[in-house]
Structure formats: C-alpha cells, structure tokens
Amino acid sequence: MAADQYAFEDPTKKYADIDTPEQYQEGSGLDADLVEKADRGEKSYRGTGRLEGRKALITGADSGIGAAVAIAFAREGADVAISYLPEEEEDAQEIVSLIQEAGRKALALPGDLTDSSYAKGIVERTVEEFGGIDILVNNAGKQQYVNDLADLSDAQFDETFKTNVYAMFWTTKAALAHLKPGSTIINTSSIQAYSPSEHLVDYATTKASINAFSKALAQQLAPKGIRVNVVAPGPIWTPLQTAGGQPSEALPEFGEQTPLGRAGQPAELAPAYVFLASGESSYVSGETLNVNGGMPTP
Ligand code: NAD
Ligand code: MG
C-alpha cells in the first residue's frame with residue numbers, strides 16, 4: 001500500500017526529492033506548469049469518512065492548497081464546489097476529475113472574485129447544485145511581491161484587498177443565509193499576518209485582516225452553532241509563489257528558513273482543513289492552526 005498522510009516520517013527529510021528551481025509564471029500561474037510538481041495528495045490522501053455527506057465550497061481550489069483540500073474533502077465524503085479564475089480551467093478540470101473519482105459531486109465555478117456578484121453568486125450555485133452548503137473555505141489569494149512602497153500601485157493594493165479580504169466578506173455574507181448549525185467556515189491566512197516580509201506590505205496587511213475578521217465573526221456566529229477558524233500556512237510550494245509571489249531567484253531556497261528547513265507541500269495542509277471542517281473540532285472556534293514548518297507564532 002502506498003504511504004498515506006498517516007505515515008510517520010522524518011519531517012525534515014520528507015519531500016527532499018521535490019526541488020523548487022528558479023522560474024516565473026504569468027498571470028495567476030498553473031500547477032500544470034509548476035517545475036517540479038507539487039504534492040497535493042493525489043496519490044496519498046486516504047479518506048476515512050470524516051466529512052460524509054457534507055457540502056463544501058472552496059475558493060482557489062484549482063491549484064495549490066485549495067486543490068489539496070478539495071481532494072481530501074472529496075475522499076472524506078463531501079461534495080465539493082471549486083471556484084477559480086477562468087484562465088485556470090486546465091488545473092480545475094484535473095481537480096474536478098479527482099473529486100468525481102472519489103465518488104462525490106464536483107461543481108466547477110470559474111470567475112473573478114474581485115467581482116462582488118460572482119463572489120456572492122458561487123454560494124447560490126453551490127446550494128442549487130448540492131441542495132445546501134455546510135462548509136465554506138475562503139482560500140483564494142493574491143500575492144505579488146513589490147520591493148518599494150513607491151512602486152506598489154493603487155491598482156495592485158486594491159486587487160490584493162478585493163481578492164483576499166472583500167471576496168471573503170462577500171462570499172461569507174452570502175453563505176450565512178444557508179449555513180445551518182454545525183456548519184463551519186475556514187479562512188486561509190498566512191504566517192505573513194504576524195511575521196510580515198518587507199516586500200509583501202499589501203499582502204501581509206490583508207492576512208492580518210483575515211485573522212481579525214475570523215476571530216470577530218467566530219464570536220458572532222458561535223451562538224448560531226457555526227464555527228469560524230483559520231489555517232495559517234508558512235512557505236508552501238504552489239503557483240502563487242512562482243507567479244510573482246517571490247522573486248524568481250529566491251525560489252531555490254524557498255522555505256529553507258523554517259525550523260524544519262524546507263518548503264511545505266499542499267498535501268501537508270489538507271488534514272488541518274479536514275479537522276476544522278469535521279465534527280472532531282466541535283469545541284474549536286476563532287482558532288488559528290499554523291502549518292508553517294515550525295516557525296514561532298504569537
Ligand atoms: P494558488 O495560486 O495555487 O491558489 C490561489 C488561488 O486563488 C488561485 O488558484 C486562484 O484560483 C485564486 N484566485 C486568485 N485571484 C483570484 C480572483 N481574482 N478570482 C478568483 N480566484 C482567484 O496558491 P496557494 O499558495 O495554494 O494559495 C492559497 C491560499 O494560501 C492563498 O490565500 C494564499 O495567500 C495562502 N497562503 C499561501 C502560502 C504559500 O506559501 N503558498 C503561504 C501562506 C498562505
Ligand atoms: Mg490556481
């Protein structure tokens with residue numbers, strides 16, 4: 001049997017075979033064009049029915065962390081709707097196939113989350129297709145490094161906030177009309193929320209906003225039986241990083257600054273989302289699960 005997420009391995013040596021060479025991708029980038037390929041758990045994630053019968057919507061689920069979460073949710077028994085940019089259709093179709101191979105329903109929702117009507121509409125589409133929604137993962141994100149604040153354009157500042165913060169607000173607000181007690185919301189933040197890099201001013205600011213939004217909303221929704229939690233990844237090997245998230249020349253050393261000494265793979269994030277989505281975390285809300293290679297957090 002192939003190794004699954006339950007295998008014990010030296011975490012410093014795991015994935016030593018995946019190099020992260022210098023490269024650049026235009027636009028939001030594709031997993032299909034990533035050199036070398038990331039592990040999203042396609043060959044390893046083993047479900048055990050932890051989300052049987054649940055109905056999930058995940059934004060940015062065509063690639064990277066969101067794709068790994070979509071694969072895991074489907075193998076745990078959930079129907080999964082995935083939101084992504086139209087230019088990412090190739091990546092998205094692969095994830096649709098993997099969801100269907102797990103025996104679950106997949107719903108592909110291409111569009112731009114900086115458009116509020118799309119960000120709200122994906123909830124209605126999910127409810128129409130699946131007959132409800134009980135897991136929302138706000139995971140889509142924009143990260144473009146800029147060294148000098150003078151070069152950070154108003155347009156980029158606006159787009160980073162629209163994608164990372166406004167879309168989360170719009171989609172969550174639309175979902176509230178449908179989420180029943182026992183539902184869960186999970187927002188993807190970052191180590192950047194409390195340990196910001198000098199070249200990611202706009203991005204880091206949005207991630208701190210996501211943390212505050214989530215902790216405030218967790219308290220507001222707790223009496224309704226809806227839990228809100230955060231996953232805060234460290235450096236993870238995804239197209240976000242090769243499409244301008246980092247300078248290309250920084251990629252070969254990507255993640256080496258962490259105590260575990262390497263970049264994380266999307267597959268290593270999925271169990272955190274499964275835990276927060278499942279009934280196992282019934283007494284956990286307003287919490288942040290840091291999956292970051294051992295970097296200290298406040
Ligand atoms: P990714 O590029 O694979 O996923 C991000 C996705 O966001 C894209 O696939 C795209 O579908 C979506 N997206 C971006 N702009 C959009 C828009 N305008 N409309 C609709 N969708 C849009 O990269 P990833 O690293 O898996 O990113 C997922 C989340 O993880 C993001 O929120 C990111 O900030 C966060 N994160 C990543 C890292 C890392 O090192 N990779 C670290 C911390 C946090
Ligand atoms: Mg993508």
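Only the coordinates and a few stated rules stand behind these numbers; no lab work does. Because the structure is predicted, anything quoted here is derived from the model rather than measured. Quick reminder, even Gly has a Cβ in these numbers, built from the backbone with ideal geometry, and neighbours come from all protein chains shown.
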Check your understanding: Using the 10 angstrom Cβ neighbour count as an exposure proxy, how do Met295, Met168 rank, fewest first?
Key -> Met295, Met168
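Using the structure shown, list the pairs from Lys55/Lys173; Lys37/Lys120; Lys43/Lys162; Lys105/Lys142; Lys142/Lys180; Lys162/Lys224 with a Cα-Cα distance above 26 Å, or answer none. The partial results should precede the final answer.
On the way: Lys55/Lys173 17 Å; Lys37/Lys120 32 Å; Lys43/Lys162 34 Å; Lys105/Lys142 28 Å; Lys142/Lys180 30 Å; Lys162/Lys224 28 Å.
Check vs 26 Å cut-off fails for Lys37/Lys120; Lys43/Lys162; Lys105/Lys142; Lys142/Lys180; Lys162/Lys224.
Of Ser209, Ser28, Ser117, how do they rank once you tally other Cβ atoms within 10 Å and put the fewest first? Working shown, then result.
Working: Ser209 18, Ser28 21, Ser117 8.
Going from sparsest to densest Cβ surroundings: Ser117, Ser209, Ser28.
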Exercise for review: Starting with the fewest neighbours, write out Leu176, Leu200 ranked by other beta-carbon atoms found within 10 Å of each beta-carbon.
Suggested key: Leu176, Leu200
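Based only on Cα atoms, what Rg/Rh ratio does the chain have, Rh being taken as Kirkwood's radius? Please list the in-between numbers first.
Details: Rg = 17.7 Å, Rh = 18.9 Å.
Rounded to two decimals, Rg over Rh is 0.93.
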**Study point:** About the Cα centre, charge dipole magnitude for the chain (Lys/Arg +1, Asp/Glu -1 at Cβ), debye
**Key:** 1680
Check your understanding: For the charge dipole of region 110-207, defined by +1 on Lys and Arg C-beta atoms and -1 on Asp and Glu C-beta atoms about the Cα centroid, which residue among Asn147, Gly132, Ala174 has the Cα displaced farthest towards the positive pole?
Key -> Gly132
